[in-house]
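Working notes, structure below.
FYI, it's all coordinate maths here, none of it is from the lab. Nothing here was measured: the structure is a model prediction, and the numbers come from that model. Every residue, glycine among them, receives a Cβ derived from its backbone with ideal geometry; neighbour counts consider all protein chains shown.
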Amino acid sequence: MKKILVAVLIALLAFASSSKAQMYSDFTLPDINGDDVTLSKILDKGPVLIGFWATWCTPCKEEMRKINDLCIKYKDKGFTYLALNTDNQKSVAKVKSYVDAQNFAFTVLMDTDKRVFEAYSGKDEIPYSIMLNKDKEVVAVHTGFKTGDEVMIEEEIKAVLGIKN
């Protein structure tokens, strides 16, 4: 009986891993200056963390401040962070002024119709983050953010970059 249970658990884990890998969906979105950015072109350079956020979301803003430091630290190793804003058309005007005031080192894209958010199985809760390795496989998914989560995210970044502790 234990052997059957173990086999079922292994099969479920294998299925879960393969379904994560199937979540990759390429996209092209405008950045806050109106220039188009395509995910697959960025993935050619290395792993990407995609973070979905909105101007009204306090945990999102905290996550972006913490990830900004990691972005700067690992950018030369090929790591990229893309912050995809999900504000609606009414509040989108606030995005550029907020981002410019923060002087972030990463690219902010506009996903106002939430097409990419939904393609990556986003629900109603943000922040929501997806880590993709260079082979376009989803290697980590996070919902929500609290102080200290950046430590775990940094470990995931180092793992996907092949950096040993």
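Data overview
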quantity	calculated
29 Å Cα-Cα threshold exceeded, pairs from LYS41/LYS146; LYS77/LYS123; LYS41/LYS158	LYS41/LYS146; LYS77/LYS123
Region 79-165 pair-distance distribution - Cα-Cα, 5 Å bins, rounded %	3, 11, 20, 23, 22, 13, 6, 1, 0, 0
Fraction of antiparallel bridges per DSSP, region 64-165 only, in percent to nearest 5	55
Contact order relative to length of region 70-160, as percent, for alpha carbon pairs under 8 angstrom and 6 or more apart	22
Surrounding net charge for MET64, when Lys and Arg each add one and Asp and Glu each subtract one, Cβ distance under 13 Å	-2
Relative exposure of PHE145, PHE104, judged by other C-beta atoms within 10 Å (fewest first)	PHE104, PHE145
Computed over region 2-161: relative contact order in percent, which uses C-alpha pairs under 8 Å that are six or more apart	31
Sum of side-chain charges, GLN89 neighbourhood, beta-carbon under 15 Å (Lys, Arg +1; Asp, Glu -1)	+2
Local electrostatic count, LYS158, Cβ distance below 11 Å [Lys/Arg +1, Asp/Glu -1]	0
Theoretical FRET efficiency, 1/(1+(r/R0)^6), r = Cβ-Cβ of MET152 and LYS90, R0 30 Å, to 0.05	0.30
Two-site label geometry, SER40 and LYS73: point separation in nm, points 7 Å out along Cα→Cβ	3.3
Mean Cβ neighbour count within 10 Å, used as a protection proxy, ranking 34-45, 52-63 highest first	52-63, 34-45
The chain: calculated mean residue ellipticity at 222 nm from DSSP helix runs of at least 4, using -39500 (n - 2.57)	-13000 deg cm²/dmol
